[in-house]
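Worksheet for the structure shown next.
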Amino acid sequence: MTDSLKELYQEVILDHSKAPRNFGRPESCSHEAHGYNPLCGDTINIYLTLSDDRHVEGLSFDGKGCAISVASASLMTEILKNKTEDEAKSLFNQFHKLVTGESDELDAGEDTERLMVLAGVKQFPMRVKCATLSWHALNSALDGTSDVTTE
């Protein structure tokens with residue numbers, strides 16, 4: 001990865017962490033879950049609304065965490081809107097493989113480039129849990145469980 005690309009990725013992460021998209025608890029939702037990383041104290045709540053045909057109609061979050069944790073949640077909420085439940089789970093699996101170093105590629109179509117900004121966390125294993133916390137919480141909400149921890 002070139003230095004200019006690293007700088008761009010860092011700028012995107014900082015932008016999403018300072019001005020997170022879809023931040024806040026909605027008036028209503030059909031699913032929600034709480035994610036907690038006991039190693040660093042990051043906490044993320046996911047609020048999800050699925051349509052009758054299992055498409056993501058609404059997705060937001062709140063909580064406190066590091067720049068990577070908040071940026072990942074912010075990006076996730078933007079990317080997964082209008083996706084099906086199956087597409088959301090598939091994207092989680094691909095993203096998890098990317099940030100853990102199991103894969104260097106995503107088959108996420110137009111969303112690939114947006115998620116690549118977080119690929120660098122694979123060099124810092126403790127940060128992988130920050131990047132995946134909101135995604136684990138989303139999976140928990142989809143599965144009908146309310147709490148998830150990175151431990």
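Quick note: the coordinates plus some simple rules give every number you see, no bench work behind them. Owing to the predicted nature of the structure, the values given are computational and were not obtained by experimental measurement. Here Cβ is always computed from backbone atoms with ideal geometry, including for glycine, and neighbour counts include all displayed protein chains.
Just the residues that are in contact with a helix residue (DSSP H, G or I) (Cβ under 8 Å, 6 or more places away or on another chain) and of a type outside the set (Ser, Thr, Tyr), please, taken from segment 119-135. Reasoning before the result, please.
Step one: list which residues in segment 119-135 are in contact with a helix residue (DSSP H, G or I) (Cβ under 8 Å, 6 or more places away or on another chain), which gives 119-122, 127-128, 130-135.
Correct list: 119, 120, 121, 122, 127, 128, 130, 131, 133, 135.
Output the qualifying pairs, or none if there are none: Cβ atoms under 9 angstrom, residues six or more apart or on different chains, first residue in segment 24-44 and under 18 Å from residue 150 (Cβ atoms) and free of Cβ contacts under 8 Å to residues at least 24 places away in the same chain, second residue surrounded by 14 or more Cβ atoms within 10 Å (Cβ to Cβ) and among the aliphatic types (A, V, I, L, M).
Close Cβ pairs satisfying both conditions: 43/133.
For segment 98-110, name all the residues that are in a helix (DSSP H, G or I) and either charged (D, E, K, R) or buried (at least 16 other Cβ atoms within 10 Å of the Cβ) (or both). Step through it out loud before you land on a result.
First, the residues of segment 98-110 that are in a helix (DSSP H, G or I): 98-100, 109-110.
Matches in segment 98-110: 98, 99, 110.
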